[in-house]
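J.: Can you keep this structure in mind? I'll have questions shortly.
The values are calculated or read from the model by the stated rules, or taken from the named source; none is laboratory data. No experiment lies behind these values; they were computed from the predicted model shown. Heads up, the Cβs are rebuilt from the backbone with ideal geometry, glycines too, and the neighbour counts pull from every protein chain shown.
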Amino acid sequence: MAEDIYYALPLRLDAIVDKRQAARCSLKDSIAQHIHLLLTSHFHENRFDSSYGCGIWEQDFELMTGLQWKDQTRDYIKKSIETHERRLVKINVKVELSEQEIGTKENKRIKRRVTVFVEGFTRKTNEKFTYQDQIFIAPLSVD
């Protein structure tokens, strides 16, 4: 059935144009790839849906305590997943915030690291779904 086919990211359009099989993945891998895309997208990047993305980038330089920032970030991520990843239900999000030194001895800088934990259940099969990702922000980078 066509509805059971999930394509892996990044989508290789050259394979489709050349009439080759595009890379496929499992339902859980597809959901994980989509959550990663949501987390690393700013609002208004998708010209067809300005709400696509994650509010984490809207508060990047906000002056808030760690707890306020963490709570607001968790809420942004959960709302984004609930809105745009409809293959998951009963979504729970946990966020951990830390700082990490990046760079060489001569050129060190401290970046904020956000570790995101997502749990839920697939709507189709009711299987437990877990996901973990780390994102360095200000400016964005992905581990």
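J.: Looking at segment 8-37, which of its residues are assigned to a loop (DSSP other than H, G, I, E, B) and touching a residue at least 24 places away in the same chain (Cβ under 8 Å)?
T.: Here is the first cut: in segment 8-37, the residues assigned to a loop (DSSP other than H, G, I, E, B) are 8-12, 18-23, 26.
Ala8, Leu9, listed by residue number.
J.: Could you grab the pairs with beta carbons closer than 6 Å, sequence gap of 6+ or different chains, first residue in segment 65-91 and free of Cβ contacts under 8 Å to residues at least 40 places away in the same chain, second one of a type in the set (A, V, I, L, M, F, W, C) and in a helix (DSSP H, G or I)?
T.: Tyr76/Ile56; Ile91/Ile81
J.: Within segment 100-139, track down each residue that is over 18 Å from Lys78 (Cβ atoms) and either surrounded by 11 or more Cβ atoms within 10 Å (Cβ to Cβ) or touching a residue at least 40 places away in the same chain (Cβ under 8 Å) (or both).
T.: Within segment 100-139, Gln100, Ile102, Ile110, Lys111, Arg112, Arg113, Lys124, Thr125, Glu127, Phe136, Ala138 meet the criteria.
J.: Mind checking which residues of segment 13-59 are surrounded by 15 or more Cβ atoms within 10 Å (Cβ to Cβ), touching a strand residue (DSSP E or B) at 6+ places or on another chain (Cβ under 9 Å) and under 23 Å from Arg87 (Cα atoms)?
T.: Here is the first cut: in segment 13-59, the residues surrounded by 15 or more Cβ atoms within 10 Å (Cβ to Cβ) are 25, 27-28, 30-43, 52-57, 59.
When the remaining residues are screened for being touching a strand residue (DSSP E or B) at 6+ places or on another chain (Cβ under 9 Å), the result is 25, 27-28, 30-33, 35-36, 39-40, 56-57.
Hits for segment 13-59 are Cys25, Leu27, Lys28, Ser30, Ile31, Ala32, Gln33, Ile35, His36, Leu39, Thr40, Ile56.
J.: Same structure, new question: Considering only residues that are β-branched (Val, Ile, Thr) and within 15 Å of the chain's Cα centre (by Cα), look in segment 1-58 and name the one that is farthest from Arg113 (Cα to Cα).
T.: Ile31
J.: Then there's this: Find the strands (runs of 3 or more DSSP E) located wholly in segment 43-143 whose residues include 1 or more that are modelled with pLDDT under 95 and either touching a Leu at 6+ places or on another chain (Cβ under 7 Å) or basic (Lys, Arg) (or both), and list them.
T.: Result: 108-122, 128-137.
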